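Enquirer: Here's a structure for you.
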Amino acid sequence: MTTTQDHTAVLQVQDLAVEVAGRPVLRGVTLALRPGQVAVLMGANGSGKSTLGLALAGHPHYQVTGGQARLGDADLLALDATARSRAGLFLSFQSPPDIPGVRNNLFLRTALNALRQHRGQAQIDAYDFLSAARAEAARVGLPEALLGRAVNEGYSGGERKRNELLQLALLQPKVAVLDEIDSGLDVDGVRAVAAMVQAQRERGTAMLVVSHYLHLIESLEPDAVLRLDAGRIAETGDVALARALAREGYRNGSAAVAQAA
Amino acid sequence: MDTAVLDTPLHRAHQLRLRAAPAPASASAPAEPCPTWVYLEDAAAGFRLEPLTWAGAVPALTQHGGEPPTLRLQLGAGAHAVLVDTVPPGDDGAADWQLELQLGAGAWLQHLRLRPERSGAVRQVRAHLGADARYDQALLCAATAGSDFTDVRLEGDRARAHVGSVLLAAAGRFEHAVHTEQRGRDSQAGIETLVLAAGSARVDADARSVHAPQARGARVRQRLACIPVAGQPRVRLRPHLEILHDDVQAAHGATWGALPHDAVFFACQRGLSAAQARRLVLAGMAQAVLERTVDAVDLRRVLRGWGDTTGEAPQPPGETSDDVTDALQAALTHWLQPLTVDAGDHDG
């Protein structure tokens, strides 16, 4: 994990600047992730953590005003949201939206087949898909009944997050940004996140995990912890930085780390 | 004469397939002596389907401005039936007709209606509900021309009716109206209409509900919604309540909203093309309206045939509820082309 140029990185972000509704939010974010690396992104509310994920994913309301982002050999910023996903970028939403009337299993299978088609792989039929989806749902603790219900409609906060984990497991991206994946999850759910991150890391997925909670951060054993402040990466460290921020807060946490060093 | 088909047994109810007769090959063709409708009777199940007689063939009726043919269906006390009402493949559905339904005490009719035709025909459904009777109508309609009118009279106490309609309007002018009148005590009525409009379509969608003076404890809910998906459609949504009793509950709303962009972006982030995402999200919205009205299993059976009537490739058979979404996506693809094909947008 670096905050400078890294030619072995699968995700390379350089001086990324982003505006939302004309207001600058990111003012020059630089980071790089190699395959299998896990970085935790921390920061106060409004520091731009979610903006970073949504801008990388190509949300049309997030206007990139400067900088670069590359996913492997692809110029990420030149692609639309679909192409970014097909190139291997996955964003776990902080608040995953409902899709009324669309069954979860149909949505997931449609998404998976879109990606498989892009990768030149054979389409997966409904029965094979259901078998795989049931196994992964059990792994992330998502009740099987939710596969047959409309996407996120009437799900609890924790079920939505487990559903995001299920999608991550099935779609197997190159890079995943998990935006507060632990919010709303019970202790078993947090364990499922840690296990999923570990499994994805072993298969080479690079992950940027946005979180405020030390318990999860420690269980992830991240390669790096980044603190985002005022639209920039203000600090880079390891779990010690996360502990200091958890103990002292975002105003005083970095000073505590400096003193400890 | 085309035939009506009684598909039995269903999992828990009889199903009547109601089809209009094809028009004569030419004006000089001998007129059918009568009936365009086949007579079905199943006393054990408690329903009777009764064709009215009229002179001459349908075109003659239309030409002379006479009353359109009427079909009467009576459902006996406690009976339960599913009425599937569509246009057979190859039929342009040009005939006007009206349907009169009489539901006895405790009867329940699920009425699934598909109108994929472009004919401009006028369809009218009138239903009379006895005590504890229940009538649910789901309509999926290519709203390009013509009109569709449903009038439900809840005459008995505790009668219930719900009419859910999805109108796919890409061109032409279409009028849609659902009226309910609650006369019995503690009755419930629901009207839900979703208009997906594109191009130069012109649609009037009305909901009118009356609570009669004796309708104590009656409840009604109206929900009208339009989503313009492309072009410059004009859609008028007109909810109307007429309440003549103090002890009633009524809610109504009419919304003109945009496609839910957060859901579309979410789908794109999962790898669907923009067109795929819009189609799936809209099909889901349509499916939600229809499934709030009729049983998903029955809906699935009926919508499997949609591909035949639109000319789309039939969906492969299956036993998953994905069939409904697939069929609705086929309908959207067929009727709302601007929605599903973008320049430079490739599903693959």
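Read-outs: derived from the displayed coordinates by stated rules, not from any lab. Remember, predicted model here, so these are calculated numbers, not experimental data. Positions of Cβ are backbone-derived with ideal geometry, glycine not excepted, and every protein chain shown enters the neighbour counts.
Enquirer: Relative to the first principal axis of the alpha-carbon coordinates of chain A, what is the inclination of helix A:126-140, with its axis defined by its Cα atoms, in degrees from 0 to 90 and to the nearest 10?
Expert: Between helix and principal axis, roughly 40 degrees.
Enquirer: Rounded to the nearest angstrom and ordered from largest down, what semi-axes does the equivalent ellipsoid of the stretch B:113-205 get from its C-alpha gyration tensor (root of 5λ)? Please list the in-between numbers first.
Expert: On the way: eigenvalues 160, 24, 18 Å².
Value: 28, 11, 9 Å, ordered largest first.
Enquirer: What angle, in degrees between 0 and 90 and rounded to the nearest 10, separates the Cα long axis of helix A:187-202 from the longest principal axis of the Cα atoms of chain A?
Expert: 90 degrees
Enquirer: Let me ask something else about it. For B:195, B:235, what ranking results if the residue with the fewest other Cβ atoms within 10 Å of its Cβ goes first? Display every interim value, and only then the final one.
Expert: On the way: B:195 27, B:235 23.
Ordered from fewest to most neighbouring Cβ atoms within 10 Å, B:195, B:235 come out as B:235, B:195.
Enquirer: Can you tell me the orientation of helix A:239-260 relative to chain A, as the angle in degrees between its alpha-carbon axis and the longest Cα principal axis, to the nearest 10?
Expert: It is inclined by approximately 40 degrees.
Enquirer: Hey, could you get me the Stokes-Einstein D for the stretch A:1-135, Kirkwood radius over alpha-carbon pairs, 25 °C and 0.890 mPa s, rounded to whole µm² s⁻¹? Numbers along the way, then the final one.
Expert: Details: Rh = 16.6 Å.
The estimated diffusion coefficient comes to 148 µm²/s.
Enquirer: What distance in nm separates the simple spin-label points at residue A:238 and residue B:256, each placed 7 Å from Cα in the Cβ direction?
Expert: Computed distance between label sites residue A:238 and residue B:256 equals 6.2 nm.
Enquirer: What does the stretch A:139-214 give for Rg and for Dmax, in Å, if only its C-alpha atoms count?
Expert: 12.0, 34
Enquirer: Now a separate question. Tell me whether the stretch A:95-152 comes out rounded, prolate or oblate; compute the Cα gyration tensor, take square roots of the eigenvalues as a ≥ b ≥ c, and use a/c under 1.5 as the rounded threshold.
Expert: Details: a/c = 1.97, a/b = 1.36, b/c = 1.45.
Oblate shape, in that a/c is at least 1.5 and b/c is the bigger or equal ratio.
Enquirer: Rounded, prolate or oblate: which fits the stretch B:191-276, taking a ≥ b ≥ c as square roots of the Cα gyration tensor eigenvalues, rounded meaning a/c under 1.5, else prolate when a/b beats b/c? Present the calculation step by step, with values, prior to reporting the outcome.
Expert: Details: a/c = 5.07, a/b = 2.16, b/c = 2.34.
Here the stretch B:191-276 falls in the oblate category.
Enquirer: Using modelled amide H (1.01 Å from N, peptide plane; none on Pro or chain starts), what sits under 5 Å from the amide H of residue B:127, excluding residues fewer than 5 places away?
Expert: B:101, B:151, B:152, B:153
Enquirer: Could you compute how fast chain A diffuses translationally, taking Rh as the Kirkwood radius over C-alpha pairs and applying Stokes-Einstein at 37 °C with viscosity 0.692 mPa s? Give it in µm² per second. Don't jump to the answer; show the numbers that get you there.
Expert: Values: Rh = 18.7 Å.
Rounded to a whole number, D works out at 175 µm²/s.
Enquirer: Per 10 Å bin, what percent of the C-alpha pairs of the stretch A:41-93 does each bin hold, from zero upward?
Expert: 23, 55, 21, 1
Enquirer: Also, quick follow-up: For the stretch A:104-259, what does the alpha-carbon gyration tensor say about shape, rounded, prolate or oblate, given a ≥ b ≥ c as the root eigenvalues, a/c under 1.5 as rounded, and a/b over b/c as prolate?
Expert: Details: a/c = 2.70, a/b = 1.98, b/c = 1.36.
It is prolate, given that a/c is not under 1.5 and a/b is the larger ratio.
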